[in-house]
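Asker: Pasting a structure below so you can have a look.
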Amino acid sequence: MVGHGALRACLLDDTVTEVLAVVRRPLPLEDPRLRQILHSDFTDYSAVQDQLAGLDACFFCLGVSAVGRSEEEYTRVTHDYALAAARALAAVNPALTFVYVSGEGTDSTGTSRLMWARIKGRTENDLLALPMNAYMFRPGYIQPVGGAVSRTPLYRTLYRVTAVLYPSCGAPFPATSPPRTPSDAPCSPSPG
């Protein structure tokens, strides 16, 4: 759902000349600026790494709910996939900006009782330790727009309920759009 929003924002921005999506299944979307790479192993990009060269930025939005997942499975998707992508991209794009969508409540100290918060925190720390420009976004609530749909059944139900309530309860929380480019991002890059 977050990736859908990031892709939509990039394709709506006339200054974006090309969007590369690395996906397991073809996206049901066509745009002359959209190029797709079908790839199945998000822990190893060696088979497609040469196709990743020449990029300015990566919006890494891949993620899953921790509900019903073991710590090992959640770590593989949340941490291992992100680090593998960042390393592969940095190897062929030294000046690339890597934007990781994390979550409000992420714990970078590793002391949280919440498994997801510790793993996202470790992921952020490991990304920030890489020799690249890395940004972390910690959204607290995301209102789906433009046809985005969560793959998590519980979240779909919650979004249906909050869609009705959001106009009144969302007033104290200003609606914002994702940054149009990494330079619009309201955060600081990693050191180094």
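The values are calculated or read from the model by the stated rules, or taken from the named source; none is laboratory data. Computed from a predicted structure; not experimentally measured. Cβ: placed from backbone, ideal geometry, glycine included. Neighbour counts: every protein chain shown. We work out accessible area using only protein heavy atoms, side chains counted, and drop any ligands, DNA or RNA first. Shrake-Rupley method; radii C 1.70, N 1.55, O 1.52, S 1.80 Å.
Asker: With a bin width of 10 angstrom, please list the P(r) values of region 34-101 as percents of all Cα-Cα pairs, from the 0 bin to the one holding the largest distance.
Answerer: P(r) for region 34-101, in whole percents per bin: 19, 51, 24, 5.
Asker: Rounded to whole Å and sorted largest first, what semi-axes of the equivalent ellipsoid does the C-alpha gyration tensor of region 1-59 yield via the square root of 5 times each eigenvalue?
Answerer: 20, 14, 10
Asker: Using alpha carbon centroids, what distance separates region 96-128 and region 40-65, in Å?
Answerer: 19 Å
Asker: Given H placed on each backbone N at 1.01 Å, which residues far from Val64 in sequence or on other chains put an amide H within less than 5 Å of it?
Answerer: Excluding prolines and chain starts, which carry no amide H, there are no hits.
Asker: Would you please classify the overall shape of region 104-143 from the alpha carbon gyration tensor, given that a ≥ b ≥ c denote the square roots of the eigenvalues, rounded means a/c under 1.5, and beyond that prolate means a/b larger than b/c while oblate covers the rest?
Answerer: In terms of gyration-tensor shape, oblate.
Asker: Placing +1 on the Cβ of each Lys and Arg and -1 on the Cβ of each Asp and Glu in region 1-122, which of Leu83, Ser112, Val22 has its Cα farthest towards the positive end of the resulting dipole?
Answerer: The residue sitting most towards the positive pole is Ser112.
Asker: Still on this model: What accessible area per residue comes out for region 1-54, rounded to a whole number of Å², with a 1.4 Å probe?
Answerer: Result: 63 Å² per residue.
Asker: While we're here: Name the shape class, rounded, prolate or oblate, that the alpha-carbon gyration tensor gives for region 1-124, where a ≥ b ≥ c are the square roots of its eigenvalues, rounded holds for a/c under 1.5, and otherwise prolate holds if a/b is larger than b/c and oblate otherwise.
Answerer: prolate
Asker: What order, most packed first, do the peptides 84-91, 43-50 have when packing is the mean number of other Cβ atoms within 10 Å of each residue?
Answerer: The most tightly packed comes first, giving 84-91, 43-50.
Asker: Please identify every one of the GluC sites (Glu not before Pro) in region 27-112 that sits in a loop by DSSP and has no more than 16 other beta carbons within 10 Å of its own beta carbon.
Answerer: For GluC sites (Glu not before Pro) across region 27-112 that sit outside H, G, I, E and B with at most 16 neighbouring Cβ atoms in 10 Å, the list reads Glu30, Glu104.
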